1. Given an 8 Å cut-off on Cα distances and at least 6 residues of separation, report the relative contact order of the stretch B:50-190 as a percent.
2. Could you tell me the total accessible area buried at the A-B interface, probe 1.4 Å, in square angstrom to the nearest hundred?
3. Tabulate in residue order the Karplus-calculated ³J(HN,Hα) for the stretch A:122-135, using 6.51 cos²θ - 1.76 cosθ + 1.60 with θ = phi - 60°, rounded to whole Hz; enter x for Gly and Pro.
4. I'd like to check one number: the per residue accessible area of the stretch B:19-108, probe 1.4 Å, reported in Å² as a whole number.
5. Under 17 Å from the Cα of B:K161, which aspartates and glutamates turn up, not counting those fewer than eight places away in the same chain?
6. Residue-wise, which Karplus ³J(HN,Hα) couplings in Hz belong to the stretch A:51-66, taking 6.51 cos²θ - 1.76 cosθ + 1.60, θ = phi - 60°, and x for glycine or proline?
7. Could you give the distance between the Cα centres of the stretch B:119-175 and the stretch B:40-105, to the whole Å?
8. Which residue, B:E92, B:E176, B:E152, has the most motion in a Gaussian network model of chain B that connects Cα atoms within less than 10 Å?
Amino acid sequence: MKKNAFSFLNFMPYAVFFACLLSASTANAVIDVYEFDDPELEKRFIKLTYELRCPKCQNQNLADSNSELSLDLKAIVYEKLNAGETDQQILDFMKQRYGEFILFNPEVNQSNALLWAGPFIFLILIGGGFFRWYLSNRDLDDE
Amino acid sequence: MSESENKTPNNRTISAKGIIAVLLFLVFVVTFYFLIGQDKTELPSQLINRSAPAFSVKDLHDPSVTYTQDVFLGKITVLNVWATWCPSCYVEHPYWELHAKNKDVVVAAINYRDDRKKALKFLADRGNFFQWNLFDEKGRLGIEFGVYGAPETFLIDPLGKVRYRHVGVVDTDVFESIFVPMIERIKQEQN
């Protein structure tokens with residue numbers, strides 16, 4: 001009896017794992033609302049909805065978000081792809097209305113130049129410091 | 001005595017480095033305070049000082065009436081974006097009765113992603129203070145305006161340019177402190 005209970009507990013992680021798998025497949029089903037004749041368009045749709053941020057939920061992309069606004073914006077992406085618009089045209093449409101914020105991969109501009117350049121400035125500073133330390137240590141060895 | 005003399009210059013170089021480090025640290029603190037201290041969840045409108053988007057949308061009350069962006073011309077318009085599914089809109093609605101008393105502006109609205117029946121019942125129950133109400137059933141007009149949540153309120157000048165967008169409830173305080181000074185400025189520009 002004791003052994004049976006033990007084996008049931010052993011089985012629990014597998015049960016949880018399969019439950020997770022099931023729920024994952026239902027989550028996927030939501031995304032498949034949009035049907036594409038051309039697999040290339042579908043690829044571009046997935047790429048664009050991953051690149052665009054939901055303005056309402058802000059830390060989710062359009063692909064992950066099921067807010068009403070995201071659904072509207074996804075519908076627009078779908079329509080525009082089928083109408084033959086380029087990725088850049090679609091991104092520009094979104095940018096015109098919601099600003100650069102809607103791009104998950106922000107472009108370099110004045111307001112964020114420091115943020116982009118920061119790591120390289122640090123690298124140079126640290127590299128320079130290390131080099132000076134190395135030089136002074138080498139001098140000590142020579143003495 | 002000679003020992004303490006030897007130590008002093010050493011101490012001084014350390015403290016000079018320390019001062020630089022502290023200054024650098026302060027520069028970072030100040031920079032990040034201004035970068036991060038802002039409320040980044042509020043998105044700036046892309047339409048400020050630009051023409052309101054072109055549209056052709058039906059009236060909420062009378063579907064045979066269609067409005068275009070020309071409706072803004074010649075008047076100062078305070079355009080509220082609202083919906084019956086928006087909890088803050090219930091809080092905001094009574095304030096529109098007060099704002100509508102301002103003789104310098106047309107108080108109008110976009111009923112955003114809503115159900116016509118529910119919207120009409122809302123206005124019948126709580127009073128209709130909007131001179132006209134656009135019925136944006138699918139939310140496409142909202143997207144043209146860059147709306148990302150209701151309530152939002154736009155101030156549009158007589159040339160049809162968007163001058164300001166407020167996200168959230170426009171209560172008496174917001175109206176008096178933000179909208180009224182801007183309305184006065186637009187009036188002065190006209191003269």
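The values are calculated or read from the model by the stated rules, or taken from the named source; none is laboratory data. This structure is a prediction, so every number in the text was calculated from the model and none was measured. With ligands, DNA and RNA removed, areas are computed over all heavy atoms of the protein, side chains included. Shrake-Rupley method; radii C 1.70, N 1.55, O 1.52, S 1.80 Å.
1. About 32 percent, as a whole number.
2. Approximately 1500 Å² gets buried when A meets B.
3. 4, 4, 5, 4, 5, x, x, x, 5, 4, 5, 4, 4, 4
4. 60 Å²
5. Qualifying aspartates and glutamates at Cα under 17 Å: B:D70, B:D104, B:E144, B:E152, B:E184, B:E189.
6. 7, 9, 8, 6, x, 7, 9, 6, 9, 10, 8, 4, 5, 7, 8, 10
7. Taking the Cα centre of the stretch B:40-105 as reference, the centre of the stretch B:119-175 is 3 Å away.
8. Its mean-square fluctuation being the largest, the pick is B:E176.
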